[in-house]
1. Classify the stretch 61-134: rounded, prolate or oblate, from the alpha-carbon gyration tensor (a ≥ b ≥ c, eigenvalue square roots; a/c under 1.5 rounded; otherwise prolate if a/b is larger than b/c)?
2. Starting from the Cα gyration tensor of the stretch 42-86, take the square roots of the eigenvalues, sort them a ≥ b ≥ c, and report rounded, prolate or oblate (rounded when a/c is under 1.5, otherwise prolate if a/b is larger than b/c, else oblate).
3. Calculate the spin-label point distance for Thr156 paired with Ala188, positioning each point 7 Å from the Cα along the beta-carbon direction, and give it in nanometres.
4. Below 15 angstrom from the Cβ of Arg193, what's the summed charge of the other residues (Lys, Arg +1; Asp, Glu -1)?
5. Provide the gained length on full extension for the span Asp69 to Asp99, in nm with one decimal, where the gain is 0.36 nm per separating residue minus the Cα-Cα distance.
6. Suppose each label sits 7 Å from its Cα in the direction of the beta carbon; what would the Asp37-Glu195 distance come out to in nanometres?
7. Give me the tail of P(r) for the stretch 1-101 as a percent: Cα-Cα pairs with distance above 23 Å.
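What follows draws every value from the coordinates through simple rules; no lab data is involved. A quick note: this is a predicted structure, and the numbers were derived from the prediction, not measured. For neighbour counting, all protein chains shown are included, and Cβ atoms are generated from backbone atoms with ideal geometry for every residue, glycine included.
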Amino acid sequence: GSAVQIADWERWNDYGIGLLREAGETGKQGELRQAGDAFAEVEGLGRADGPLNLARVRFREGDLDAAADALRRAEQMDPPAPAWTLAWYSALVKRELGDLDGAIADLDNLAETRFADARARGFDFSADYRMLTELGRTLYERSRQERGDARRQARTELLDRARQRLEQALAVDPEYAAAHYNLSLILADLGDREEAEHHRALHNLYRTDDNIAERAITRHRAENPAANHAAEAVAIYDLQRPGTYGLAPEPGSTLAVR
C-alpha cells in the first residue's frame, strides 16, 4: 500500500508531546525547552495545537503570563483550539494567578458541558472526576476569602457548592484520594466533624504511599540487574555480550538460545 503522509505540523506536535511527557517523568528542563521549540514550529505552521501545547510548557515552567498569552493566541487562530480544552488550561492558569472566580467559571462550564460543539460530538465532562475535584478545591479556596460573620452566608454557599462537586467526583471514583482529602476540609469548615474524619480516614486508605512505592522499586531493581539496567534513563546494551540473542550463552548458563 501507499505510505501514510503525515503533515509537518503533526510531526512537530507529536515530537513536542513526547518531550513534554518525558520532561514530566524526568523533570529535565532541557526537554521542556525542546518541547517549547517544537510547539513554536507548530504555531508557525498555522495550527492552534502549537500555542495550546506551548501554554502547557509555559505553565509547567511557571511562566503564567506567557501561558495565558499562548492560550489567547490558541483561541484566536483559525480554526481555534477546542473551547473546552482552552477552558481547562485557562482555569489552571487563572487559579495560579489568583483569579479564583475566573477559574471557577471555566470549570463550571466544563462540569456542565456548556459547549455546543462538544455536546454535538457526544462529549460529557460531568464524569471527569479529576476536573470536578479541581473545581471543588478551587471553590473551597474561594470560600476562605469570605471572612467574618458578615460573609458567613457567602462562605457557606461556596462550601456547599464545593461539597456537591466533590461528592459528584466520588460518585464516579469512590477511591479518589484527592477528592476525599478536599471533602474532609470542606466538611470540617461546615462543622460536620464526624463526616470530615470519615473522609480523612478514606484519604489515608486510598492515597499512594510514595515511600512504599519507592522502596519496592529500589528493592526490585537491586534484585534484578536486567530490570535495573533497563530502567536507566539511557540504557546501552552490548550487542556482543555473551548470551545475546543469536550468540552462544555463557558457560554454565541455563539461557536457551531461541
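1. Since a/c reaches 1.5 but b/c is at least a/b, the shape of the stretch 61-134 is classed as oblate.
2. Because a/c hits 1.5 or more and a/b exceeds b/c, the stretch 42-86 counts as prolate.
3. According to this spin-label approximation, the distance is 2.1 nm.
4. So the environment of Arg193 carries a net charge of -3.
5. Answer, rounded to one decimal: 9.3 nm.
6. Between Asp37 and Glu195, the simple spin-label model gives 5.4 nm.
7. Across the stretch 1-101, Cα pairs with separations above 23 Å total 25 percent.
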